[in-house]
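Derivation of every value follows stated rules applied to the coordinates shown; laboratory data play no part. Nothing here was measured: the structure is a model prediction, and the numbers come from that model. Cβ atoms come from the backbone with ideal geometry, glycine included; neighbour counts cover every protein chain shown.
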Amino acid sequence: MTPEFRQPFSLGDAMRRVTELPPIGERDPQGHKGTYGRVLIVAGSRGMSGAGALSGQGALRSGAGLVTVACPDVVAPIVAGVDPCYLTLWLPSDRQGRVTAQAYDKLRGRKDDVIAVGPGMGASPALRRLVLSLLAHASAPLVIDADGLNVLAGHIEPLAGRAAATILTPHPGEFSRLTGRSIAAIQADREEMAARFAKEHGVVLVLKGPGTVITDGTSLAVNDTGNPGMGTGGSGDVLTGIIAALLGQGFEPFDAARLGVYLHGRAGDLAAEDIGMISMTPVDLLAWLPQAFLELATP
Ligand SMILES: NC(=O)C1=CN([C@@H]2O[C@H](COP(=O)(O)OP(=O)(O)OC[C@H]3O[C@@H](n4cnc5c(N)ncnc54)[C@H](O)[C@@H]3O)[C@@H](O)[C@H]2O)[C@@H](O)CC1
Ligand SMILES: Nc1ncnc2c1ncn2[C@@H]1O[C@H](COP(=O)(O)OP(=O)(O)O)[C@@H](O)[C@H]1O
Ligand SMILES: [Mg+2]
């Protein structure tokens with residue numbers, strides 16, 4: 001099966017338009033859980049425990065060797081109960097069930113290959129401190145989503161200059177908060193705005209929504225998998241885990257992002273074919289991810 005990527009519009013001669021997906025190699029017969037990436041997902045808060053579970057399961061279904069979901073201690077037993085295959089790391093919580101400013105102390109010194117942060121965490125100064133600490137001190141690649149992005153609004157300078165990669169996965173509302181531009185202005189010029197932001201801040205930007213744009217400021221792809229059945233809360237949380245897992249398996253950041261977006265959308269299309277767009281939920285994306293991977297792995 002040849003994955004079909006729509007040709008993005010021209011952003012000038014310097015922009016490389018990417019239409020081919022990177023190949024997914026076979027798993028090393030000698031491989032073990034240490035080979036395929038230790039993925040830490042920092043996510044969830046009271047009322048949004050599902051976000052951590054969905055991201056963790058997205059990473060598990062995408063081949064990560066070891067997945068740990070770090071979440072406020074008040075929701076950790078709930079998150080742990082959803083899936084026995086990831087570990088949980090219990091973070092100190094405040095009265096609203098969100099992480100406290102001491103949360104970073106629990107993450108310091110860990111040996112993760114990739115860290116994803118943000119889904120379902122609730123925006124707070126403590127979360128901003130956590131995300132800024134990760135940006136400043138984490139040596140692993142970072143995937144930042146949802147509330148992890150919201151707390152960076154007005155504080156985006158630390159994005160630039162990291163040694164390791166940073167992937168941001170905003171939907172248009174989150175990108176509007178980050179950039180100060182209206183959603184309408186963003187939607188009118190998605191490729192250009194995403195590419196400019198990525199180049200200026202040295203990140204891979206995944207601007208979600210129909211025709212998700214993936215760009216590192218030099219290369220750009222527009223995804224054509226996915227459907228409105230994915231317009232149900234939690235779909236983006238799954239994507240965060242998928243991209244983190246692919247990064248942990250050694251894909252280059254731009255490749256991990258566009259491959260993850262493709263597979264996520266393809267899982268959605270397979271789910272829609274089977275059970276229809278109306279009834280499908282993000283849990284069905286998890287159920288169809290194996291088929292999406294199999295299609296790419298099969299010559
Ligand atoms: N089960 C859970 O625990 C869930 C937790 N979630 C978390 O809930 C928090 C709030 O996230 P939300 O994204 O709902 O709220 P936001 O307020 O960030 O975004 C919603 C708004 O963004 C705009 N928007 C989003 N997608 C758009 C598109 N494709 N085109 C145009 N405008 C668009 C719209 O104005 C929309 O009302 C996040 O932390 C998120 O991770 C959600 O992911 C839902 C599931
Ligand atoms: N109409 C659509 N066509 C294609 N993809 C969609 C559509 N609606 C939603 N999606 C995808 O679903 C995901 C929604 O992510 P997000 O807005 O972060 O949701 P949440 O935070 O609730 O999980 C994105 O990957 C987006 O591209
Ligand atoms: Mg989201």
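Of all aspartates and glutamates in the structure, the ones whose alpha carbon falls short of 16 Å from that of LYS199, not counting any fewer than 8 places away in one chain, are ASP13, GLU157, ASP189, GLU191, ASP216. Dipole size of the chain about its Cα centre, with +1 on Lys/Arg Cβ and -1 on Asp/Glu Cβ: approximately 900 debye, rounded to the nearest 20.
Between amide H atoms placed 1.01 Å from N, distances below 5 Å from VAL42 occur with ALA70, ALA116, VAL117, GLY118, all of them 5 or more places distant or on a separate chain.
Ordering 93-100, 176-183 by mean Cβ neighbour count within 10 Å, with the highest value first, yields 93-100, 176-183. Shape index of the range 60-218: Rg/Rh, with Rg the Cα radius of gyration and Rh the Kirkwood radius from the inverse mean 1/r over Cα pairs, equals 0.97.
Size of the dipole of the range 1-158 about the Cα centre, Lys and Arg at +1 and Asp and Glu at -1 on the beta carbon, nothing else charged, in debye to 20?
Numbers: 16 positive and 14 negative charges, 67 e Å.
Rounded to the nearest 20 debye, it is 320 debye.
Straight-line cross-link partners of LYS33 among the lysines, defined as a Cα under 23 Å from its Cα and at least 8 positions apart when in the same chain: LYS106, LYS111. Amide H neighbours of LEU91 under 5 Å, at least 5 residues apart or on other chains, H built in the peptide plane: list them. Close amide H contacts, sequence-distant or interchain: CYS71, ASP73. Comparing Cα centroids, the range 85-145 and the range 228-254 end up 18 angstrom apart.
Sequence-ordered 3J(HN,Hα) estimates for the range 131-146 from the Karplus curve with 6.51, -1.76 and 1.60 and θ = phi - 60° stand at 5, 5, 5, 4, 4, 7, 10, 6, 8, 7, x, 10, 10, 10, 9, 6 Hz, glycine and proline given as x.
Scattering from the range 88-173 was approximated by placing one identical point on each alpha carbon and applying the Debye formula without solvent; log10 I(q)/I(0) at 0.13, 0.14, 0.21, 0.26 1/Å stands at -0.38, -0.44, -1.03, -1.55. Think of it as helices only: each DSSP H run of n ≥ 4 in the chain is worth -39500 (n - 2.57), and spread over all residues that comes to -12000 deg cm²/dmol at 222 nm.
Listing ARG16, ARG128 from fewest to most neighbouring C-beta atoms within 10 Å gives ARG16, ARG128. Values of log10 I(q)/I(0) for the chain across q = 0.08, 0.10, 0.11, 0.15 Å⁻¹ run -0.30, -0.48, -0.59, -1.15, by the Debye formula with one identical scatterer at each alpha carbon and no solvent. Between the amide H of THR212 and those of ASN223, distances stay under 5 Å, these residues lying 5 or more places away or on another chain, with hydrogens modeled in the peptide plane.
Counting only DSSP beta bridges whose two residues both lie in the range 119-272, roughly 55 percent are antiparallel.
Counting only Cβ charges, +1 for Lys and Arg and -1 for Asp and Glu, the dipole size of the range 117-186 around its Cα centre is about 120 debye. Convex hull volume of the C-alpha atoms in the range 25-109, normalised per residue: 85 Å³. Normalised Debye scattering of the range 108-154 at q = 0.16, 0.27, 0.29, 0.32 Å⁻¹ gives log10 I(q)/I(0) of -0.39, -1.01, -1.11, -1.25, counting only Cα atoms as equal scatterers and leaving out solvent.
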